[in-house]
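Before any comments, here is the structure.
The values are calculated or read from the model by the stated rules, or taken from the named source; none is laboratory data. Remember, it's a predicted structure, so these values are computed and weren't measured experimentally. No Cβ is skipped: glycine too gets one built from the backbone with ideal geometry, and neighbour counts run over all protein chains shown.
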Amino acid sequence: MRHLTEADIRASFVNCSKGEAKRAGLPRDLEERPWDDLDFLGWRDPGAPERAYLVAEYEGRLLGLALRAASGAARGFTARSMCSVCLTTHTGGGVVLMTARRTGEAGRQGNTVGQYLCNDLACSLYVRGKRKTAAGRGFDETLTLAEKIARTRGNLTSFMAMVLGSESA
């Protein structure tokens, strides 16, 4: 992923108002992010932990989504759950249901789309083995790293398409 600026990020949001995009708490470490290892930029709002954001390339343009993380009691450390984007398994609260308001009329009516995502939105780093989970090694796969990255990007694209209302993509 290319290095993003604050202006790039704020202008990319499609499922929130301009005011909400302006007030979004951005990561303080944009300059230090491992941009070459990211398929998307994802973060939790430092001032409001139930809010999360995701910015990625979608059909040749930068697309940002405002997300809400479901609240609830943390699971026991023996429970495992899997991110629906990168397919990384986590224990405890490592995966959380995040919802995104849909765009257009559906969003104005309050319709949302949800996915189980890595709590820290570091899917790209888990796929590349640059970050480990408490769940251990995970599942053995015969896919190459390039195939895992392509699968992650495809799953993310499908989620973004649902938010935009083009579920066939």
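A compact table of results
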{"item": "Condition met for residue 25 (surrounded by fewer than 20 Cβ atoms within 10 Å (Cβ to Cβ), of a type in the set (Gly, Ala, Ser), out of contact with any Pro (no Cβ under 7 Å at 6 or more places or on another chain) and not in a strand (DSSP E or B))", "result": "no"}
{"item": "Test result for residue 50, closer than 28 Å to residue 143 by Cα, over 12 Å from the mean Cα position of the chain (by Cα), surrounded by fewer than 20 Cβ atoms within 10 Å (Cβ to Cβ) and among the acidic types (Asp, Glu)", "result": "no"}
{"item": "Residues of segment 75-100 satisfying the condition of being surrounded by fewer than 22 Cβ atoms within 10 Å (Cβ to Cβ) and within 14 Å of residue 50 (Cα to Cα)", "result": "93, 97, 99"}
{"item": "Hits in segment 13-34 - residues which are touching a Leu at 6+ places or on another chain (Cβ under 9 Å) and over 15 Å from residue 121 (Cβ atoms)", "result": "13, 14, 15, 16"}
{"item": "Those residues of segment 89-100 which are hydroxyl-bearing (Ser, Thr, Tyr) and modelled with pLDDT under 95, in sequence order", "result": "89, 91"}
{"item": "Residue 12 being small (Gly, Ala, Ser), closer than 21 Å to residue 107 by Cα and surrounded by fewer than 17 Cβ atoms within 10 Å (Cβ to Cβ)", "result": "no"}
{"item": "Residue check, residue 130 in a loop (DSSP other than H, G, I, E, B), within 18 Å of the chain's Cα centre (by Cα) and modelled with pLDDT of 90 or more", "result": "yes"}
{"item": "Selection within segment 4-27 - in contact (Cβ under 8 Å) with a residue 12 or more places away in the chain and small (Gly, Ala, Ser)", "result": "11, 12, 21, 24, 25"}
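Table: residues versus (1) at pLDDT 95 or above; (2) more than 22 Å from residue 165 (Cα to Cα); (3) in a strand (DSSP E or B); (4) among the small types (Gly, Ala, Ser).
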site	(1), (2), (3), (4)
105	no, no, no, no
114	yes, no, yes, yes
121	yes, yes, no, no
134	no, yes, no, yes
137	no, yes, no, no
140	no, yes, no, no
143	no, yes, no, no
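Residues are listed down the side, and each one gets a yes or a no for (1) without any contact (Cβ under 8 Å) to a residue 24 or more places away in the chain; (2) in contact with a strand residue (DSSP E or B) (Cβ under 9 Å, 6 or more places away or on another chain); (3) more than 17 Å from residue 63 (Cα to Cα):
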{"site": "79", "(1), (2), (3)": "yes, yes, yes"}
{"site": "82", "(1), (2), (3)": "no, yes, yes"}
{"site": "85", "(1), (2), (3)": "no, yes, no"}
{"site": "90", "(1), (2), (3)": "no, yes, yes"}
{"site": "97", "(1), (2), (3)": "no, yes, yes"}
{"site": "105", "(1), (2), (3)": "yes, no, yes"}
{"site": "111", "(1), (2), (3)": "yes, yes, yes"}
{"site": "117", "(1), (2), (3)": "no, yes, yes"}
{"site": "149", "(1), (2), (3)": "no, no, yes"}
